[in-house]
Amino acid sequence: MALTTERETAAVGVADVASADGFEEFARAAQQRLYRTAYLLCGDAEHARDLTQTTLAKLYQHWRKAGAAEHPHAYAKTVLTRTFLAERRRRLRDLLVLTRTGGTVPEPAADHPELRVTLLAALAELPPRARAMVVLRYWDDQSVASVAALLRCSEATVKSQCSRSLARLRVRLADAGLSL
């Protein structure tokens, strides 16, 4: 019976985290948190489920790297946010192509006001990048520096976008008789 050193024990722990079982355990633990953030970003339950599943699929593809990360939840949130922004850019690009070529623009899905919360409607009015900044900064309680690093922009950009977005949200909520 050989005694294992602390370093060997840590190496075994990393190997377990980087395994398929480690991913399943992580996915079960992180799925609800990712879904809540995705819902705030999208404002739609169906899109949030799709975004969460896409994020988990991307994480699975790169689980060796993600599982070995110091903070896998932060890594997952980064993947989620960047996937959301990429999808929004893709949708905008597709919409521009449709309008330029004279194609028909699809009608938005019917709104269900009884299911919508005023805040989610107000968040939906924000541009995707600004919405991501507000959700990450105030909902996920991340620092300005971490949001700037996550979205690859300056801290000043995060501060100014959040300030403008909060002002827009305050106006929208005041119109609905609420306040921030």
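Of (1) modelled with pLDDT of 90 or more; (2) closer than 18 Å to residue 83 by Cβ, residue 139 satisfies all except one. Which? Every condition holds for residue 139 apart from (1).
Of all the criteria given as (1) more than 17 Å from the chain's Cα centre (by Cα); (2) hydrophobic (A, V, I, L, M, F, W, C); (3) modelled with pLDDT under 85; (4) closer than 24 Å to residue 152 by Cβ, the one not satisfied by residue 63 is (3). The numbered conditions (1) at pLDDT below 70; (2) under 30 Å from residue 148 (Cα atoms) are all true for residue 27 except (1). Mind counting the residues in segment 147-174 that are in contact (Cβ under 8 Å) with a residue 40 or more places away in the chain and farther than 14 Å from residue 123 by Cβ? The number of residues fulfilling the criteria is 2. Taking the criterion of being part of a helix (DSSP H, G or I) and surrounded by fewer than 16 Cβ atoms within 10 Å (Cβ to Cβ), the residues of segment 48-84 that qualify are 49, 50, 53, 57, 60, 61, 64, 65, 68, 73, 74. For segment 11-22, check the following and say yes or no: at least one residue is hydroxyl-bearing (Ser, Thr, Tyr), more than 30 Å from residue 123 (Cα to Cα) and either modelled with pLDDT of 65 or more or open to solvent by less than 80 Å² (accessible area, probe 1.4 Å) (or both). The answer is yes; a qualifying residue exists.
The values are calculated or read from the model by the stated rules, or taken from the named source; none is laboratory data. Quick caveat: nothing in here was measured; it's all calculated off a predicted structure. Ideal geometry is used to build each Cβ from the backbone, glycine not excepted, and the neighbour counts take in all protein chains shown. The accessibility values were calculated without ligands, DNA or RNA, using every heavy atom of the protein model including side chains. Shrake-Rupley method; radii C 1.70, N 1.55, O 1.52, S 1.80 Å.
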